[in-house]
Every structure is written in C-alpha cells, then in structure tokens.
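Participant: Before we start, here is the structure in question, set down as structure tokens.
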Amino acid sequence: MLGVLLLLCVLFSILTVTEQYPTGAEGARMLFDDVMSKTPPTTPIITITPATEADSAFSIALHERLTASGFRKSLIIAGDPQAVRNSLTQLADSVTGSTIIATTDAFAPIVTSIKQQIPSIGSAPVVTPPSYQWPTFLLPDNLRNVANQISVIAIIAIGMTMVIITAGIDLSVGSLVALCAVLVAWIIGRLGGQSASTSSMLVACITSMSMCALIGVFSGLMITRFRIPPFIATLAMMQVAAGLAYIISQGKPIYQIPESFVCLGRGTDPLLKIPVAVILMVILYVLAHILMTRTTLGRYIYAVGGNAEAARLSGVRVSKIILFVYAVSGLMAGLGGVVMASQLRSGAPTYGLTYELYVIAAVVVGGTSLSGGEGRIPGTLIGAFVIAVIQNGMNLTNVESYTQKVVLGLVILGAVLLDQLKQRRFRMLS
Amino acid sequence: MNPQPDFALRMRAIHKRFPGVQALSGASFDLRPGEIHALVGENGAGKSTLIKILSGVLSADSGSIELLGQPVTFGSPAEARRAGISTIFQEFTLIPSLSVTANLFLGREQTRGILIDIAEERRNAMVILDRLGVSIDVDAPTSQLAVAVQQMVEIGRALAGQSRILVMDEPTAALSPQEVQRLFSILRELAAQGVGTLFISHRLDEVISVADRITVIRDGITVDSRATREYDRRTLIQQMVGRPIEQEYPKTQTTFGEISLEVVNLTAGNVRDVSFSAREGEIVGLAGLMGSGRTEVVRLIFGADSAESGVITLAGRRVKIKCPGDAVASGICLLTEDRKKEGLVLHASIRDNFALPSLAQWSRLGFINQVEENRRFETHVLKLNIRISSPDQHAEDLSGGNQQKLLVARWLEKDSSVIMFDEPTRGIDVGAKHEMYLLIGELAARGKTIIMVSSELLELLGICDRILVMRRGRLAGEITDVRHSSQEDVMAMAV
C-alpha cells in the first residue's frame, strides 16, 4: 500500500506543478538573495505590504536582513492602499530616484499604480520575490494541511484496526466523535465557559473521553456477554451516541470555549511547524504499533481474531480482550472528538458524520482483513494517508466535489483489489 | 484369472510439481467398476494431490487419465463431476441452512419452467436416501444432522448426479465404529450396483477389512497395488514407510506416583456423575462410542464447557475451573480433537501458535521477550522433530502430523501436570503416530498424568495403563488389565 501512496503523491505532484510566488519570511529571503545582495547598502529600500500576518512576516524579515547587511535606509509601510498612498506621499520628499520598492507578488500591481501617481518616486523600481515552478502539492504548508486534515480519522482508525483484527467492527465511532465534542464543550461551558481554566478544560476532556471509552466497553459487553453481533451492537450505540449528542447540545453548536483550547487542534511545534494533532497522531501510532507487536495483549488480539475458540482453549481470556479493543476504539473516537472540538473551537452534534466509513476505509485500504486475525497498525496510517492525499489532490486539481466521491470510492476499491491480487500471487509462489 | 480387466478409471504416470516440492512423480492408479479401493501412504506421500487431480481441483503436469478407456482431462471440479466422478472431501460442501433436498440437488435443480419442482425433488430425494438406507426428514436443514448423516447426504448428492465413481478423503475420520460399519456396508451395496469407490484412510484395520484392493503411495510414486488378501497389517505398514517398524504401539513401563487428578461426580448435559482419579505417570484411556460423553468429560475438566456440578481436585487441592484460562493456570491442558477449529490460529505464525498459552512466562509488564521466545521455540522444534521451513510460516501450511506436534510443543512448554489428549492421532500418518505414542510415553515417564480419549481401541489398548469405558454419559466400566484385554472386552462395556 505504501507503493500506492507514493504513486499518488508523485501523480499529484506532477499535476499541480505551477508558478509559485513565495511570501512571508521565505519570500523575504529569496528577494534579498535575488536583488538586494547585488545592491549597494546605501540604496534606500521601502517595503510595502498589506497589514496581514503573513505579509508582516515578509516585511519584518526583509527589514531584519537589510539592517543586518548594513542597509541604513530601510522603511516599512504596512496597510491598505489608502494608507500606503498617504505614507508614500509624506515620504515623497525624502526619497531619491535610486530608491527600491519591495513588495509581494500579490500586492505589486497596487503598489505600482500608487507609485506612478507620486512623481518623485515614479521611476523607482518595484521588486518582488522571484517566482519559480514547483508542485503546490509538495509545498510544506500543503503537506502539513494533508496531515492535519486526516489526523482525526487516523487517530480513530487505531482503535478500529484493533477491533477489526478481532474480527469485529465498530460503527459507533462517528457518533462518539460528535458526543465527545459536544460533551467537552458543554462541560467547559459549566466550568466557566470562555474564562474556563486549563485544569477545568483538562477535566472536561478526560471526562468526555472516559465516557466514550465506557460506551465502547458497553458495546463490548453486549458482544461478549449476550453474543450480539458487533455490527448490530455498535450500530445501536451509533444511534444512542448521536441522539445523546443532540440532547446535550439541544441541537445547536456550543461555542463557549476559551481561545487557549485551540492549541491542540490548531497549534504547531515551534521548530518545523508540525501541527500538534499530527504529533499526537504519530505518538499514538508508535504506541499502538508497539502494543500490537511486542506485548502479550497484542498477540492475544491477533489470536482472538484468527481463531477465538482456539485462543480460548489456549487459556486466553477472550472476553477481556474484546472488551479492551472496544474500549480503545471508544477512547480513540473520544480523542478524535476532542481534537475536532479544539480545531473548530466548538462542539456540535453534526461532527464526525459518516466518519466511521472513512475510518473503516482507511483500515481496509491499509491491508487489515475484515475477517480478522490479520493487519498492521502502520498499514492503517498509510491507508488514512491514501485517502487524505486523494482528497487533497483532487481539491488542488479542482475536481468537483461530487466527482471526488466517485473517485474516492473507486480508489478504495482499487487499493483493496491490488492488495488481494498481490496476496494471491504471494500464495501461489509460496 | 482376469488378464484384461475392464477398468473404470486409469491414471498413468501422473506428475505434479508445486513450487519447491515434487508432489507426484509417476503415480499410477486404476479402479475397476464396482470396486472398493483404498489409497494409503504417509502424510505428504501425495495421496491428496492425486485425488485432487482426479476430482479436477488440480491439474497434472503430465500423465494421463482414462475414463472407461477414453482419455479425459478435467479443468474444474464441475467437469469431473459431470464426467461421473464425485469427490467427498473432509470438509463437507453442504450448505448448513438449506434443506437436505435442496442440498442434494444443488447446482442441478429439477425445474418446471423457471420454477423449482419441489415435489419432484422431494420424491427423488426420498428415493436416493432410501437407497442409502437412511431415514431422515428431507426438509430438515443439514446443520441439524449428525456428521455421519451429513456424509450420507454428500454421498446422496453423488448418486443424484449419476456418478459412477465415488472418491472419499478420510471418510471415517469423524465417525464412530458403528457409523463406519454402516458406511462400508452402503459402499458395498453401491459397489454391487457398479459404483466404484476410492478412499483414503489412515486406519489400516479398516482398510484391510473393507477394501477389495489397496494401492500404496510413497514419495509421490505408486509402490504397490494388490488385492487386499495379499496384505497383512505389518507388510502394509512396511510398504508405506519403506522400512520395517519394530513395534506399532511402544509401551514404556512407568512407576506411578501420587494421585494427581481426582474428579468427583462431574455432571453437565448428557454427562452424569463421572468420578475417577489418575496418578502421576499414569496413562488413562477414555473409551466409548461416539456421543458417549468421553470428549465432553475432558472438555468439562478443562473448563471449555461449564459443568453443572462436580468437584475437581488437583494434587489434593480442590480447584475451581470456570474457563480454560483457569485450567491452564492450575496445570491442566487439553489437546483438542479438531486441530483446525479448536487448536490452531491457522493464519498466525507457528511461533505465535506455540507461544499462545505461555506468553506471560517470558514477558515482563506485558512486553514479550522475543529472544527468549525464539530460544524456547527452537528447543521444542528440535526436540519434537517438527519439520518447518521458518518460525514465521503459517500454521495452516504444516502437515497434520506436524500441526499436532506443534500443539504438543505448546503444552509441553506450559509444563502442565495433567495433559489430556482428545484423539491425538486422528488424521496423522503411521510415522507421526509412532512418534506421538513415544512422546506420550515419555511424558508419563516424566511424571505427567495423561488422559487420552480415542476411538481407536487398538491404540488405547496399546499404550494406556488403564481404560475407562463410557456409555451414555456415565462410566460403564474400567479395564485395569490392559495387556490381557481385547477390543471386544471394551466394546462389551461400551454398548
């Protein structure tokens, strides 16, 4: 499946090659290397940008580089066209003809038209960071975006992989996402709303996730104690959890959440700017992989899925193993709900709708057999990314959203088919 | 006497190669009309491959098949069936939820227009079942039938398709002695009507008593094919293994220790008030007809099924066993009858299968010490002479004998004090059986208590120290002087 993922990445890289106009600190660096490094430091430089965050990063970074290289006359103008015009007019007397105006590619046409209305700097050249050919898909921002988009589904898929390896299925995860998100928001609302403290937010998260794990345990009990098929037991819990989410939220999104709560869903690490949710996802995958390959519990999970009766007659406490996997599945769905609430800074009963299907697709594309006993945790991560990359790639290549669904369905089918063919060839060789 | 026999079927110089192994290298076989013909050989000799080729499941690399003098090739099981060869494998192909009638005519439904003519099918079903001498409800789903009756339905299916040749893979493996007798009397009747039967069996006394002719295959080649009266048990075994075997049932004498297992008034389902005890180093056999409750008794002791009442004492201490996990923890283990369903996790590696009950012994805080695990696994593989290509090989790829050894290795590692075997030699070949007997003897010599369920009375008489006989869920008697007892003595108590 890794091959399919890489193939998709290559495909979308080729399809999305376009002219890239760098912005921010990166753009400043490229502009400096391109123009200013060949300009005498006596040249006055005016950096003009709108007052947004990314644009400020550009102008500040450029200014810092200029002063560090001995440019004495470096000015920054930030604001809307009107403000820029006013500032430039005021400066008109003090600037000479050799002045260079720096700006970003998007703002360049406006800057040029303003400058032409001011005679003293009318001849000053307007420079922008050099553009270059590069796949939009492979831009760091886009890659972060792909990972961040899939993190919730990938996290839930950890629990689902374990459940499916025991030859079960958990349809309730989508609804548990909604229930947990709503519950977190509701509890935070009770504990101070916008001004809730960090510890009360933590309490809200732990309580809600435990609730989801308990619902998982309940499904597990129905399956082990009363021999209700997993499909039915979790289908019922899917309805129950969805209903509870609507009851708690009274059908409306809950917004009373402090700003600091978004650090989980929108935060990034300071060094590589990797989203926190993605880091969390990677840690959980590593832990789950170790659990499944190195511990007795993992071995028992495979054994129960491969042949429950043989496992029981070998002394494995099969019921406990099944309870465990459904608890993990519930817990992971709850965590997914918390991450989602944090990303969106709200809790609504509509979150996680049809997520169970994406999660199951990720697990199956990742090579786990629905008949149990076989499958690998890293495979599921790859499966999740296959889905994420297809969705992202189609967005970038402007495929219509209805068509996207058709393509996604066919790709899931194709991926599993490929796996089957590969296995059959392997069987024949061995 | 019969210079040019009229062959119903001839297979000549059949070769078949699988990647890495030459399964058949010049096997031949012929079947006369109305003959009962047994195919014997060790596991891996190529018997199954040969009948798979005959039934169209596999195709031969070279060689010829002639049916009534006409050369034929089968591309699929359906083609072989249409040509009049019906094969009944160990795993039945009946659809459990469908009725007997529907199963009999599956794939060749009798229709009127676009509708199935149910009345006609039922009438014909009754005629066929009558011919087989079974009286069952033709509308009952086959899942409700006993294994022996299901087998009759399979045979009925062959008859419904007008088959002239019946091929059966280990037809008696799951049958009780009476059921076996009945099966063979039906086969004889069919033979009188001209239907030839080819069957594979590991039970040599059966082969000798029922077959008209025997073909022996060894290492993919037909080594001998003669009328049954020219064989005795000993020469047959020698032909199969290719060397003389000294003693079929090796019996080691051991001195018994203390009473280790005591069962008092065990009751559940049809098992009523079973009480017995067994000593360290003693091999106790459990005999009885199919359904007499012998398998149930060992399952109850192991906690695989829950007992209604009864007390189990282990080395003088009363133990509470609610599930197999409890039994394993207190030192009782059970090698189940059905290796594939109740023993092995077929798609898991053989190392994982070996380690399943003992994982905790080489784990700390739940983390498995894989170095230690491999070391122990290797030790047992060497000791038990298990033939494997790699520890990561799937359990399903091992032969029956090696699968059984793998399960023994599993419980040896667990080092239980009471080891219960349910049909330990079912479906494994002569050589592997011999090794199994030696192993059981060795375990007893090491002071283990062995409880052994078997439907092969010769085997029980050959290696047990004492035999308990069950009848209808109760202990009907006990044979203490095993050396001077016969199969008839056991049967007298069992029926």
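Derivation of every value follows stated rules applied to the coordinates shown; laboratory data play no part. These figures come from a predicted structure and were not determined experimentally. With ideal geometry, Cβ positions are generated from the backbone for all residues, glycine too; neighbour counts draw on all protein chains shown.
Participant: Taking H as built 1.01 Å from N, whose amide H comes closer than 5 Å to the amide H of A:Leu191, not counting residues under 5 places away?
Facilitator: Hits under the 5 Å cutoff: none.
Participant: Here is a follow-up. To the nearest 0.05, how large is the calculated FRET efficiency for A:Leu357 and A:Tyr246 if R₀ is 30 Å and r is the Cβ-Cβ distance?
Facilitator: 0.90
Participant: To make sure I understand the rule: partners must be aspartates and glutamates, Cα under 18 Å from the Cα of B:Lys341, and not fewer than 8 residues away in the same chain. Which ones qualify?
Facilitator: A:Glu309, A:Glu374, B:Glu91, B:Glu170, B:Glu296, B:Asp305, B:Asp352, B:Glu396, B:Asp397, B:Asp422, B:Glu423
Participant: From the phi of every residue in the stretch A:257-263, what ³J(HN,Hα) in whole Hz does the Karplus formula 6.51 cos²θ - 1.76 cosθ + 1.60 yield, where θ is phi - 60° and glycine or proline is x?
Facilitator: 10, x, 4, 5, 5, 6, 4
Participant: For the stretch B:378-495, give the share of DSSP beta bridges that are antiparallel, in percent and rounded to the nearest 5; count only bridges with both residues there.
Facilitator: Of those bridges, close to 50 percent are antiparallel.
Participant: Hey, can you grab everything whose amide H is under 5 Å from the amide H of B:Ala476? Only 5+ residues off in sequence or another chain; H modelled, so Pro and N-termini drop out.
Facilitator: Those qualifying (amide H under 5 Å, at least 5 residues apart or on another chain) are B:Val469, B:Met470, B:Arg471.
Participant: I need the calculated FRET efficiency for the pair B:Ser62 and B:Arg226, taking r as the beta carbon distance and R₀ as 25 Å, to the nearest 0.05.
Facilitator: It comes out at approximately 0.45.
Participant: If the label point is 7 Å along Cα→Cβ of A:Trp134, which residues in the stretch A:373-389 have backbone nitrogen under 20 Å from it?
Facilitator: Once the point is set 7 Å along Cα→Cβ of A:Trp134, nothing inside the stretch A:373-389 turns out to lie under 20 Å by backbone N.
Participant: Also, I was wondering about something else. How much net charge surrounds B:Arg12 when only the other residues with a Cβ under 13 Å from the Cβ of B:Arg12 are counted, with Lys and Arg +1 and Asp and Glu -1?
Facilitator: In short, -1.
Participant: Separate question: Please compute, for peptide B:322-332, the average count of beta-carbon atoms on other protein chains lying within 10 Å of each residue's beta-carbon.
Facilitator: For this peptide, the per-residue mean of nearby foreign Cβ atoms is 3.
Participant: Still on this structure: If you scale each eigenvalue of the Cα gyration tensor by 5 and take the root, what three semi-axes come out for chain A, rounded to whole angstrom and sorted largest first?
Facilitator: Listed largest to smallest, the semi-axes of chain A are 53, 26, 17 Å.
Participant: Using only alpha carbon pairs under 8 Å that are at least six residues apart, calculate the relative contact order of the stretch B:9-241 and give it in whole percent. Display every interim value, and only then the final one.
Facilitator: Numbers: 430 pairs, mean separation 70.0, N = 233.
Reported as a whole number, the value is 30 percent.
Participant: Another question about this same structure. Mind putting a number on the dipole of the stretch B:9-241 about its Cα centre? Charges go on the C-beta only, +1 for Lys and Arg and -1 for Asp and Glu, and I need it in Debye to the nearest 20.
Facilitator: Working: 25 positive and 26 negative charges, 100 e Å.
Rounded to the nearest 20 debye, it is 480 debye.
Participant: How high is the FRET efficiency from B:Thr255 to B:Arg12, r the C-beta distance, R0 41 Å, rounded to 0.05? Write down the numbers at each step before the final one.
Facilitator: Working: r = 57 Å, r/R0 = 1.39.
E(calc), rounded to 0.05, equals 0.10.
Participant: Per-residue mean of other chain beta-carbon atoms within 10 angstrom of the beta-carbon, peptide B:344-350?
Facilitator: Averaged over the peptide's residues, the number is 6.
Participant: Another one. Please compute the contact order of the stretch B:259-494 in relative form: average sequence separation of alpha-carbon pairs under 8 Å and at least six residues apart, divided by the residue count, as a percent.
Facilitator: Reported relative contact order: 30 percent.
Participant: For the protein assembly as shown, what is the percent of antiparallel DSSP beta bridges, rounded to the nearest 5?
Facilitator: Bridges in the protein assembly as shown that DSSP calls antiparallel: roughly 55 percent.
Participant: Hey, fewest Cβ within 10 Å first, where do B:Thr228, A:Thr161 land in order?
Facilitator: Fewest-to-most Cβ neighbours within 10 Å comes out as B:Thr228, A:Thr161.
Participant: Ranked by Cβ crowding within 10 angstrom, fewest neighbours first, how are A:Ser342, B:Ser97, A:Ser369 ordered? Walk me through the intermediate numbers first.
Facilitator: Numbers: A:Ser342 25, B:Ser97 10, A:Ser369 18.
Ordered from fewest to most neighbouring Cβ atoms within 10 Å, A:Ser342, B:Ser97, A:Ser369 come out as B:Ser97, A:Ser369, A:Ser342.
Participant: Also, I was wondering about something else. Taking each residue in A:292-299, count the Cβ atoms of any other chain within 10 Å of its Cβ, then average. What number comes out?
Facilitator: On the way: counts 0, 2, 6, 6, 10, 5, 3, 10.
Average neighbour count from other chains, rounded to a whole number: 5.
Participant: Right, here's the next one. Work from the charge dipole of the stretch A:137-429 (Cβ charges, +1 for Lys and Arg, -1 for Asp and Glu, about the Cα centre) and give the residue of A:Thr350, A:Ala236, A:Thr295 farthest towards its positive end.
Facilitator: About the Cα centre, the residue reaching furthest to the positive side is A:Thr295.
Participant: Please report B:Ser143, A:Ser219 as a ranked list, fewest other C-beta atoms within 10 angstrom at the top and most at the bottom.
Facilitator: Going from least to most buried by this count: B:Ser143, A:Ser219.
Participant: Only loop residues by DSSP count here, and only those with at most 10 other Cβ atoms within 10 Å; note down the GluC sites (Glu not before Pro) in the stretch B:19-97 that meet that.
Facilitator: Hits after loop and neighbour filter: B:Glu91.
Participant: How large is the charge dipole for chain B, taken about the Cα centre, if only the Cβ atoms of Lys, Arg (+1) and Asp, Glu (-1) carry charge, to the nearest 20 debye? Provide the component values of the computation, followed by the final result.
Facilitator: Numbers: 56 positive and 62 negative charges, 71 e Å.
Using only the charged Cβ atoms, the result is roughly 340 debye.
Participant: Enumerate the amide H contacts of B:Leu286 below 5 Å, restricted to partners 5 or more residues apart or on another chain; note that Pro and chain-start residues carry no placed amide H.
Facilitator: Distant-sequence amide H within range of B:Leu286: B:Met452, B:Val453, B:Ser454, B:Leu468.
Participant: Can you compute 3J(HN,Hα) from phi for each residue in the stretch A:17-26, using the Karplus curve 6.51 cos²θ - 1.76 cosθ + 1.60 with θ = phi - 60°, rounded to whole Hz and x for Gly and Pro?
Facilitator: Each residue's phi maps through the Karplus curve to give 5, 8, 5, 9, 10, x, 10, x, 4, 4 Hz.
Participant: Please tell me which of these pairs span more than 18 angstrom C-alpha to C-alpha: B:Lys16/B:Lys340; B:Lys383/B:Lys405; A:Lys320/B:Lys405; B:Lys52/B:Lys405? It would help to have the intermediate numbers written out before the result.
Facilitator: Values: B:Lys16/B:Lys340 26 Å; B:Lys383/B:Lys405 10 Å; A:Lys320/B:Lys405 29 Å; B:Lys52/B:Lys405 26 Å.
Distance filter (> 18 Å) returns B:Lys16/B:Lys340; A:Lys320/B:Lys405; B:Lys52/B:Lys405.
Participant: I've got another one for you. Select from B:Gln404, B:Leu384, B:Met420 the residue farthest towards the positive end of the dipole of the stretch B:326-457; place +1 on Cβ of Lys and Arg, -1 on Cβ of Asp and Glu, and compute about the Cα centre.
Facilitator: Projecting each Cα onto the dipole axis, the largest value belongs to B:Leu384.
Participant: Give me a comma-separated list of calculated 3J(HN,Hα) values for the stretch B:176-192, in order, Karplus coefficients 6.51, -1.76, 1.60 applied at θ = phi - 60°, integers in Hz, x for any Gly or Pro.
Facilitator: Each residue of the stretch B:176-192 in turn: 7, x, 5, 5, 5, 4, 5, 4, 5, 5, 5, 4, 5, 4, 4, 4, 4 Hz.
Participant: Just going by the charge dipole of the stretch A:22-127, with Lys and Arg at +1 and Asp and Glu at -1 on Cβ, which of A:Gly70, A:Thr104, A:Pro22 is farthest out on the positive end?
Facilitator: Most positive-ward Cα: A:Gly70.
Participant: In addition: Could you work out the relative contact order of chain A? I mean the mean sequence separation of Cα pairs under 8 Å and 6+ apart, divided by the number of residues, in percent.
Facilitator: Answer for chain A is 22 percent.
Participant: Taking only the alpha-carbon atoms of the stretch A:22-127, what semi-axes of the equivalent ellipsoid follow from 5 times the gyration tensor eigenvalues under a square root, in whole Å, largest first?
Facilitator: Numbers: eigenvalues 74, 55, 26 Å².
Semi-axes (√(5λ), whole Å): 19, 17, 11.
Participant: Something else now. Return the equivalent ellipsoid semi-axes of the stretch B:259-494 as a descending list in whole Å, where each equals the square root of 5 times an eigenvalue of the C-alpha gyration tensor.
Facilitator: Working: eigenvalues 175, 86, 47 Å².
Taking √(5λ) for each Cα gyration eigenvalue gives 30, 21, 15 Å.
Participant: Let me ask something else about it. Mind jotting down the distance between the C-alpha centroids of the stretch B:378-401 and the stretch B:200-234, whole Å?
Facilitator: If we compute the Cα centre of each part, the gap is 29 Å.
Participant: Suppose every Lys and Arg Cβ carries +1 and every Asp and Glu Cβ carries -1, with no other charges. What dipole size does chain A come out with about its Cα centre, to the nearest 20 debye?
Facilitator: Charge dipole of chain A: 1300 debye, to the nearest 20.
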